[in-house]
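K.L.:
Please read through the structure below; I'll follow up with questions.
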Amino acid sequence: PPAHSRNDWIGPPDKHSNLRPVIFYVPPEESPLERRLREARQEAQACDQRFWARHNRAFRQEKEEFIYSRLKAKGLEMRDETGQKATLNAEEMADFYKDFLSKNFRKHMQYNR
């Protein structure tokens, strides 16, 4: 952000977490209480970043493994004869989403607490 800015700046979504990082404005006369609040916000942002980056990485990996196993069970390859990535229908993917959410329910509850 420009040196004369008096606002927080929000960046583009992170490619791993999909969260938009915030660069927090630090007032020149920041009080100790304001500093504690800003640092707490920065730590919360860092925790969110770590959680969602790990979660999204696990999601993508498990999704690919699920698709591969379903295609293999059908006798299909990951890419069709034209070279395009093979896909599953919405009902088949719903099985994956339901299972993934169920397996990660406790993690999400802990995160929300």
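The values are calculated or read from the model by the stated rules, or taken from the named source; none is laboratory data. Computed from a prediction, not measured in an experiment: that's the story for all the values here. A quick note on method: Cβ atoms are made from the backbone with ideal geometry, for glycine too, and the neighbour counts reach across all protein chains shown. Protein only, heavy atoms only, side chains kept; ligands, DNA and RNA dropped before computing areas. Shrake-Rupley method; radii C 1.70, N 1.55, O 1.52, S 1.80 Å.
K.L.:
State whether the residues of the range 43-57 include one that is touching a strand residue (DSSP E or B) at 6+ places or on another chain (Cβ under 8 Å), surrounded by 11 or more Cβ atoms within 10 Å (Cβ to Cβ), of a type outside the set (Val, Ile, Thr) and under 24 Å from Arg6 (Cα atoms).
P.N.:
The answer is yes, given that some residue of the range 43-57 is touching a strand residue (DSSP E or B) at 6+ places or on another chain (Cβ under 8 Å), surrounded by 11 or more Cβ atoms within 10 Å (Cβ to Cβ), of a type outside the set (Val, Ile, Thr) and under 24 Å from Arg6 (Cα atoms).
K.L.:
Here's a check for you: in the range 1-41, which residue that is at pLDDT below 95 and of a type in the set (Ser, Thr, Tyr) is nearest to His55 (Cα to Cα)?
P.N.:
Checking each candidate, the answer is Tyr25.
K.L.:
If I ask for residues that are open to solvent by 60 Å² or more (accessible area, probe 1.4 Å) and over 27 Å from Cys47 (Cβ atoms), which ones from the range 81-97 would you list?
P.N.:
Across the range 81-97, the qualifying residues are Glu81, Thr82, Gln84, Lys85, Thr87, Asn89, Ala90, Glu91, Asp95.
K.L.:
If you don't mind, another one. Select from the range 5-37 the residues that are open to solvent by less than 100 Å² (accessible area, probe 1.4 Å) and among the charged types (D, E, K, R) and write down the one among them that is farthest from the chain's Cα centre (by Cα).
P.N.:
Ranking the qualifying residues of the range 5-37, first place goes to Glu30.
K.L.:
If we keep just the residues of the range 58-80 that are open to solvent by 60 Å² or more (accessible area, probe 1.4 Å) and among the hydrophobic types (A, V, I, L, M, F, W, C), which is farthest from Arg106 (Cα to Cα)?
P.N.:
Checking each candidate, the answer is Leu76.
K.L.:
To continue, here is another question. Residue check, Glu81 against (1) free of Cβ contacts under 8 Å to residues at least 40 places away in the same chain; (2) part of a helix (DSSP H, G or I); (3) charged (D, E, K, R), all met but one. Which one?
P.N.:
So Glu81 meets the others, but not (2).
K.L.:
In the range 1-48, how many residues are over 24 Å from Phe59 (Cα atoms) and of a type in the set (S, T, N, Q)?
P.N.:
Residues flagged as over 24 Å from Phe59 (Cα atoms) and of a type in the set (S, T, N, Q) within the range 1-48 amount to 4.
K.L.:
Residue check: is Arg6 basic (Lys, Arg), out of contact with any Asp or Glu (no Cβ under 7 Å at 6 or more places or on another chain) and outside any helix (DSSP H, G or I)?
P.N.:
Against the criterion (basic (Lys, Arg), out of contact with any Asp or Glu (no Cβ under 7 Å at 6 or more places or on another chain) and outside any helix (DSSP H, G or I)), Arg6 qualifies.
K.L.:
Sticking with this one: For the range 38-64, enumerate the residues that are farther than 17 Å from Lys103 by Cα, of a type outside the set (Gly, Ala, Ser) and under 15 Å from the mean Cα position of the chain (by Cα).
P.N.:
Of everything in the range 38-64, those that are farther than 17 Å from Lys103 by Cα, of a type outside the set (Gly, Ala, Ser) and under 15 Å from the mean Cα position of the chain (by Cα) turn out to be Gln45, Cys47, Asp48, Gln49, Arg50.
K.L.:
Which one of Lys107, Lys63 is touching a His at 6+ places or on another chain (Cβ under 9 Å) and assigned to a helix (DSSP H, G or I)?
P.N.:
Going through Lys107, Lys63 in turn, just one is touching a His at 6+ places or on another chain (Cβ under 9 Å) and assigned to a helix (DSSP H, G or I): Lys107.
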